[in-house]
Amino acid sequence: MSDVASSARGDLILSHLTKSYGDFTAVNDLSLTIPKGSFFALLGPSGCGKTTTLRMIAGLEEPTQGTISLGVTEITHTKPYQRPINTVFQNYALFPHLTIFENIAFGLRRRGIKDVDEAVNKALNLVELPHLAQRKPTQLSGGQQQRIALARAIVNRPALLLLDEPLGALDLKLRRQMQIELKWIQKEVGITFVHVTHDQEEAMTMADTIAVMNEGQIEQMGSPADLYDNPETAFVANFLGQSNLIKGTVSGNDGDNKIVDLFGQKISLRKDRSHAVDSSIYAGIRPEKFRISRLETATSGNILTGGKVEDVSYIGVSTQYQVMMPWGQELMVFEQNDDGVAPFSVGESVNISWEPSFTFGLRGDEDAEAGTEVNPDEDLGEE
């Protein structure tokens, strides 16, 4: 391995990274720092530029502009095999003719390391599959193959591990199990993980920090809780879960709160959760933050009156309501089925309330539908 690769350690720093194909710009002036030892997710729909970004980090694509550094070492033009970076792919990329042991040992042997037993056995124990060392990949389940691909990628302790939709080929139950295992393994080995995915739940379950990408740029970056509870754009609000966005006007201030008029009804919104730039605003509330109540029931906090239940869907842990408001907008409400209150019926008149601290404010000139037209499960091809 080259001196560059062996000395390249530290934070991953992308500076003004751009990749263009003719007139099309896949990644546009992207700058971010991924702390050493963190679990970082690049999240976005197909075509947003996340896979192109990953390929540039790996050295499989040459940036049109910008630089890539690991700590103080720039690796922008370093050959892929000279970078201390490994990748785990969705299709595992295991050698079918080699045993599991030899698959994991392959990279070590290529580096001239003769005594590989200790390192390989340690990697097998980490993924809890030491009993499969002498089997071939075709004798393993999809989940087992994914674990072996991970063991092979971390056995030589790279500075950075790239995960390209690594769980996409697994069924839902196994995928959720592997999410927990990947998070645990990352903490055990302390290697920086950069995970590219279209799956919001996957990113939120595993990552310390998420960057939501859209059209080659980062829309917002932060912890899963920050992005979900306080999105800065309609795209993030809609792509990362479901949101009710209600058009309104800022009509005044009350201490640390803004007073917002929503079609003649007043609510309050914390100033530090508002991203509006003038009086035009979208008030955003997640469906599970709403409380739905009958007209005679006392409520507190922000209240919207005059709702009418249009649809009721029972989904086990919760009931989903579509509530038509007087101004012609349907709001979505998720109610947990644990409060002993009889469910509401279609046609019933209701009020909707919520705590003011749950409201987020977006610019009033945004497209309220941004992010809703994206189906993350479609078109998972190259970007």
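Of the residues that make up the stretch 333-341, is at least one at pLDDT below 95, among the charged types (D, E, K, R) and loosely packed, with under 15 Cβ neighbours inside 10 Å? Yes: one or more hits. Taking only the stretch 1-23 into account, find how many residues are at pLDDT below 95 and of a type in the set (A, V, I, L, M, F, W, C). Here the count works out to 4. Restricting Pro80, Pro96, Pro84 to residues that are touching a residue at least 24 places away in the same chain (Cβ under 8 Å) and either buried (at least 20 other Cβ atoms within 10 Å of the Cβ) or under 30 Å from Leu17 (Cα atoms) (or both) narrows the list to Pro84. Out of Ala133, Ala153, Ala119, one residue alone is touching a strand residue (DSSP E or B) at 6+ places or on another chain (Cβ under 6 Å) and either surrounded by 12 or more Cβ atoms within 10 Å (Cβ to Cβ) or among the aliphatic types (A, V, I, L, M) (or both). It is Ala153. Could you please tell me which pairs satisfy a Cβ distance under 7 Å, a separation of 6+ or placement on different chains, a first residue in the stretch 172-199 that is farther than 26 Å from Ile13 by Cα and part of a helix (DSSP H, G or I), and a second residue that is of a type in the set (A, V, I, L, M) and modelled with pLDDT under 90? Going by the 7 Å Cβ cut-off, the qualifying pairs are Arg175/Leu167; Met178/Leu167; Met178/Leu170. Note on the stretch 11-101: enclosed strands (runs of 3 or more DSSP E) holding 2 or more residues that are among the hydrophobic types (A, V, I, L, M, F, W, C), in the same structural domain as Phe193 (by TED's automatic domain parsing) and more than 26 Å from Val127 (Cα to Cα) are 12-21, 24-34, 65-70. Given the condition touching a helix residue (DSSP H, G or I) at 6+ places or on another chain (Cβ under 8 Å), surrounded by 14 or more Cβ atoms within 10 Å (Cβ to Cβ), outside any strand (DSSP E or B) and in contact (Cβ under 8 Å) with a residue 40 or more places away in the chain, answer yes or no: does some residue in the stretch 307-325 qualify? Looking for residues that are touching a helix residue (DSSP H, G or I) at 6+ places or on another chain (Cβ under 8 Å), surrounded by 14 or more Cβ atoms within 10 Å (Cβ to Cβ), outside any strand (DSSP E or B) and in contact (Cβ under 8 Å) with a residue 40 or more places away in the chain, one finds none in the stretch 307-325, hence no.
Which members of the stretch 204-235 meet the condition of being under 24 Å from Pro84 (Cα atoms) and crowded, with 18+ Cβ neighbours inside 10 Å? Passing the criteria: Met206, Ala207, Thr209, Ile210, Ala211.
The values are calculated or read from the model by the stated rules, or taken from the named source; none is laboratory data. Source: prediction; values computed, not measured. Cβ coordinates were reconstructed from backbone atoms using ideal geometry, including for glycine residues, and neighbour counts include every protein chain displayed.
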